[in-house]
Each structure stands twice: as C-alpha cells, then as structure tokens.
Amino acid sequence: MKKVIKKRKTLRLTGIVFVMFMVSFVVFLGSSIFLRSYNVSMNYTKYQLENQIAQLRSDNETLKLEIRDLGNYDRIANIINAEHMTVNDSNVRVIGD
C-alpha cells in the first residue's frame, strides 16, 4: 500500500495562496500609485481651469464697463455734435443690460 502524503497538498495550497497574495499585493500597489498620480494631475487641471475662469470673469467685468462707457448717451451726443449731425429720436433705441 502507498502512503498518502497530505503535506504535499497543503504545501501546494499554501503556495497558491501565497502567489495569489503576492499578485494581489502588486496589483494593489500599482493601482494605488496610478490613482495617486491621476488624482494629482486632475487637481492640477482643476486649479488651471479655476484660474482661467477667474481671469475670464475679470475680463467680462472689464468689457461690461467698457460697453457701458461706449453706450453712454452723453458720449454719443458729444460725437454727434462734434460731427455736426442731427438726431432723429424715433430712430434712437436704448438697449439695457
């Protein structure tokens, strides 16, 4: 009769468990590093976009002030008087904000 060696099966099972643990650990480390670097790049992109939005808001406010100044009735009246033109009030329209 042959003897059944159970130690060999436990060693195989232990080896498989150890290999699976090592593979999962390596995958965990790789995904952790990848996600961390991806998070850093996304935060940098967010910071750039927030700065760009702030700059565009500032530019919009400046342009709104310039539009108000250019559309001021007194300024237009001065230009008309300087060019010796006449104003037909039925053709003048005021556009608000």
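Bear in mind that the values in this text are calculations on the coordinates, not laboratory data. Everything numeric in this text was worked out from a predicted model, so none of it was measured. FYI the Cβ positions are ideal-geometry reconstructions off the backbone, even for glycines, and counts take in every protein chain you see.
Before moving on, here are some points about what is shown:
- Based on the Kirkwood approach, the hydrodynamic radius assigned to the range 6-91 is 20.2 Å, with every pair of different Cα atoms included.
- Label-point separation in nm, SER24 to GLU61, each point 7 Å along Cα→Cβ: 5.5 nm
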